[in-house]
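Read-outs: derived from the displayed coordinates by stated rules, not from any lab. From a predicted model like this one, the values you see are computed outputs, not experimental measurements. Cβ: placed from backbone, ideal geometry, glycine included. Neighbour counts: every protein chain shown.
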Amino acid sequence: TQLLEQSPQFLSIQEGENLTVYCNSSSVFSSLQWYRQEPGEGPVLLVTVVTGGEVKKLKRLTFQFGDARKDSSLHITAAQPGDTGLYLCAGAQGNEKLTFGTGTRLTIIP
Amino acid sequence: SAVISQKPSRDICQRGTSLTIQCQVDSQVTMMFWYRQQPGQSLTLIATANQGSEATYESGFVIDKFPISRPNLTFSTLTVSNMSPEDSSIYLCSVEGDPGSPLHFGNGTRLTVT
């Protein structure tokens, strides 16, 4: 079983601050996805990264896939209350089922 | 992207009873999955719902406890049988377009067993 460890597990910061969430594994993934889940809803895809070293930006969110395709990070600039939620990374190995990370619960305090 | 309707959205059930959760998709999809999410935690795959054949269960999950139906390419059900308080969780249906492509999720069923 491939494990995807996310850190931190919980994070509570003030509006306007920056933060980074990490997703680490000892396994190599062909792609890595990031989801955000809000209370009462299912996870929603934010981004997919495929190439080692790839960086993708989604407004104030920056996603990076590690060179070795074993890890990823999510950086949020100037966090807003709307960023509050559970962030999940998920790794894919070819056509195998996704492996979800342990999750990071983010709270942005107005 | 696929629109997934899952119901019920929540239920409170007594120990020893069973609950069937329905998942309806607005388009035909090949792959449908059922996940469990304990409060505040990540997702654990229960099984892959296969159309026209028995579901494929992950380690730790068995058909007698979580029977699954998949009569066609747009619908599936998950039954949580002989429930105990340990089954209290969120159950999520998800679908995948192409193999390895991102998943789309229903809003989940929050189950509380008393």
**Study point:** Residue within the range B:6-19 that is under 23 Å from A:Leu98 (Cα atoms) and of a type outside the set (Phe, Trp, Tyr) present
**Key:** yes
Check your understanding: Of everything in the range A:59-96 that's among the hydroxyl-bearing types (Ser, Thr, Tyr) and within 14 Å of chain B (Cβ to nearest Cβ), which residue is farthest from B:Leu43 (Cα to Cα)?
Key -> A:Thr84
**Study point:** Subset tally (residues that are part of a loop (DSSP other than H, G, I, E, B) and under 18 Å from A:Ala92 (Cβ atoms)) for the range A:1-41
**Key:** 10
Review point. Within the range A:78-98, how many residues are touching a Lys or Arg at 6+ places or on another chain (Cβ under 8 Å) and either in a strand (DSSP E or B) or over 24 Å from A:Pro39 (Cβ atoms) (or both)?
Key: 4
Point to revise | Residues of the range A:55-107 satisfying the condition of being surrounded by fewer than 20 Cβ atoms within 10 Å (Cβ to Cβ), free of Cβ contacts under 8 Å to residues at least 60 places away in the same chain and at positive phi | key: A:Lys59, A:Gly85
Study note, to complete from the structure: For strands (runs of 3 or more DSSP E) lying entirely in the range B:22-114, having 1 or more residues that are acidic (Asp, Glu) picks out B:89-96
Revision key, fill the gap. With criteria (1) in contact (Cβ under 8 Å) with a residue 12 or more places away in the chain; (2) within 21 Å of B:Phe105 (Cα to Cα); (3) not polar (S, T, N, Q), A:Phe29 comes up short on (2)
**Study point:** Matching residues, the range B:46-60, being surrounded by 21 or more Cβ atoms within 10 Å (Cβ to Cβ) and closer than 19 Å to A:Leu3 by Cβ
**Key:** B:Ile46
